[in-house]
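The values are calculated or read from the model by the stated rules, or taken from the named source; none is laboratory data. Because the structure is predicted, anything quoted here is derived from the model rather than measured. Backbone-built Cβ (ideal geometry, glycine too); neighbour counts: all protein chains shown. Surface areas here come from the heavy atoms of the whole protein model, side chains and all, with no ligands, DNA or RNA. Shrake-Rupley method; radii C 1.70, N 1.55, O 1.52, S 1.80 Å.
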Amino acid sequence: MQITKAVYLISSPSVDKCPQPDRPEYAFIGRSNVGKSSLINMLCNNAKLAKTSAAPGKTQLINHYEIESVATNPKTKTKWFLVDLPGYGYAKRAQKLRKQWTKMIEDYLRKRKNLLNIFVLIDARHEPQKIDLEFIDSLGEWQLPFAIVFTKADKEKPGAVERNVKLFFEKMKENWEFLPPYFVTSAVSKSGKNEVLKFIEDCNLGYASNARTE
């Protein structure tokens, strides 16, 4: 799949303020400073699309981007939404604000009808973090589809990345019978880009097929 157009559309304070759910939608979420903006920009071939910052906690709303892409086979054009969600677990924000963010994110994830997949970003440089595992367990409780994207693979030796990925899934197996799809990525080397886009392409084709049969 090739993305031919990617533009910022709107930032919403709640799910009911989001655009009409009339096309496939994919949300990206992770711990603050996990490299979410860099990953989105890499996927969309636009270094200035999502704002990156050295200071975590900058994303505070539900940010929608309108994407146009061309599938490889069959060669079809598709419009879809990419959503940049606030990072979780940023402790330096006031407790009241953190609770507001948590409610906003949960409401969006559980109520957004056209949300086909949630990409949960995990920093590949670190061993499993409790906050990431707890968030993923919540997605399981809510019965929501998700995939894991390990980020910043270029910033650690390949052996260490492989070990951290293995450790993460070993921890998941304590609560999960089946493991989700996953991707190992780098915004610098662009590794994993084609795999993530192919996954989205397949989801888009499934969405279109279901729409035709309804």
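Observations on the structure shown:
- Spans of strands (runs of 3 or more DSSP E) in the stretch 1-81 with at least 3 residues surrounded by 14 or more Cβ atoms within 10 Å (Cβ to Cβ), among the hydrophobic types (A, V, I, L, M, F, W, C) and free of Cβ contacts under 8 Å to residues at least 40 places away in the same chain: none
- Scanning the stretch 102-131 for residues that are surrounded by fewer than 19 Cβ atoms within 10 Å (Cβ to Cβ) and touching a Lys or Arg at 6+ places or on another chain (Cβ under 8 Å) yields a total of 5.
- Residues of the stretch 132-183 satisfying the condition of being polar (S, T, N, Q) and either under 19 Å from the mean Cα position of the chain (by Cα) or open to solvent by less than 90 Å² (accessible area, probe 1.4 Å) (or both): Ser138, Gln143, Thr151, Asn164
- Pairs with Cβ under 8 Å, 6+ apart, first in the stretch 174-195 and touching a residue at least 24 places away in the same chain (Cβ under 8 Å), second part of a loop (DSSP other than H, G, I, E, B) and among the charged types (D, E, K, R): Ser186/Lys152; Ala187/Lys152
- Restricted to helices (runs of 4 or more DSSP H) entirely inside the stretch 99-214, those with at least 1 residues that are more than 30 Å from Asp22 (Cα to Cα) and of a type in the set (Val, Ile, Thr) are 130-141, 158-172.
- Checking each residue in the stretch 8-42 for being of a type in the set (Phe, Trp, Tyr) and in contact with a Lys or Arg (Cβ under 6 Å, 6 or more places away or on another chain) picks out only Phe28.
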